[in-house]
Structure formats: C-alpha cells, structure tokens
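Asks: Have a look at this one.
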Amino acid sequence: MDGGLTMVRSSRKPRRLVVGDGTFLWSVGHHHHTARGRYQDCREVLTIRGSGARGRLLIVFRAGPDRLVPDGFLPSGAVGTSAGSWLNLHEPGTVRALLDEAVSRGCHPDNPPTEQLDGWGLFARAVQERKGGVRAAVGAGLRPARPVDSGRDTDQPPEYLDLRGTPRVIAAQRR
C-alpha cells in the first residue's frame, strides 16, 4: 500500500480456514469473571465451526498451575506453560494443529451440537506439530494415522488420515 498505511483486521470478525474440501470459520476470545475488582477464572477460547454449520467447537484454555493465559500481562491469544512451550491462537497454523488433534479425538466441528474441549489436552500435540513434526501432512490437509517417525528408517512411507478418516499415504520429503 502507498504511504505506509496498513489494513487492520477486526479481531471480532471470524477468520476462514480451508482444510481440504472443508471451510471453517474461527475466532479467539477471552473470558473471565470479576469478583471484588479482580479477574478470576481467566480463559482463552478458540471457537471453530464449519462454514454454514449450526454447531461449533470450543477449545478452552483455562489459567491454572503452570498454565498461562492472557491476564493483563500476556498478549491476546498467547497460551503456554511455565516450562516454556507456547502457542499463539491467532495464527492459522496453530488453529489447524488444534483442529486436527480435536478431529483425531472424535470431535466434529460441523455437527449441530456445540462441543467443548479442554485445550490443554490438545496443547502438547499442537506444539509438536507447530515445531515441524508433521509439516508435510499439514500442507496436504492430512493428519498422522501413526507416529511420523515410524516410517523414517524403513522403505514404508508414513500413513496419514484425512479429515474424513480415510487412510492416505504421501511420499516422504527428503531433508
């Protein structure tokens, strides 16, 4: 753009995430209760729904021992552990990693009822994926059906499941 102007996106407007043939809408929010002038029960909520679907998936990250969420000191969307692992819920790759893990556990964000998941149960796998554990699969709209390393030292390529649960085999990428 000319003149150094940038376009700012509304943080309240849902964003699109395209996964294979599916399109999802997602947004990030912060919720808490106020008691005696103090915020309590702070939590970041990632909301994902299939485009045109009535249901939605709520992935909730609650503050707790060794679990960090924005509380006035951290930026919006930052969730992490005191051990130093972090995710930014405003990044599409993070949303994709969390969605893939939720689907692998049987959640269906396009079904009519609203489902709620504890985000910390998905956290470790999403951090691993964001650090490069499944880069080839993420770009292809797939998720691992078995550990990625299982095919590394053999002639057998890794096997993946697409979002519908159909097994797929993709060629391993050379590093």
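The values are calculated or read from the model by the stated rules, or taken from the named source; none is laboratory data. For clarity, every value in this text was computed on a predicted model and none was experimentally measured. With ideal geometry, Cβ positions are generated from the backbone for all residues, glycine too; neighbour counts draw on all protein chains shown. These accessible areas exclude ligands, DNA and RNA; they are computed on the full protein's heavy atoms, side chains included. Shrake-Rupley method; radii C 1.70, N 1.55, O 1.52, S 1.80 Å.
Asks: Pairs, please: C-beta under 7 Å, at least 6 apart or cross-chain, first residue at pLDDT below 90 and in the stretch 31-59, second of a type in the set (Ser, Thr, Tyr) and surrounded by 10 or more Cβ atoms within 10 Å (Cβ to Cβ)?
Replies: HIS32/TYR39; SER51/THR23; GLY55/THR114
Asks: How many residues does the stretch 80-94 contain that are out of contact with any Ser or Thr (no Cβ under 9 Å at 6 or more places or on another chain) and within 11 Å of LEU122 (Cβ to Cβ)?
Replies: Count: 1.
Asks: What are the residue pairs meeting all of these: first residue in the stretch 94-111, first residue without any contact (Cβ under 8 Å) to a residue 12 or more places away in the chain and open to solvent by 10 Å² or more (accessible area, probe 1.4 Å), second residue in a loop (DSSP other than H, G, I, E, B) and of a type in the set (Asp, Glu), Cβ atoms under 8 Å, and 6 or more apart or on different chains?
Replies: none
Asks: Of the residues in the stretch 1-17, how many are modelled with pLDDT of 65 or more, more than 19 Å from GLY55 (Cβ to Cβ) and surrounded by 11 or more Cβ atoms within 10 Å (Cβ to Cβ)?
Replies: Final tally of qualifying residues: 0.
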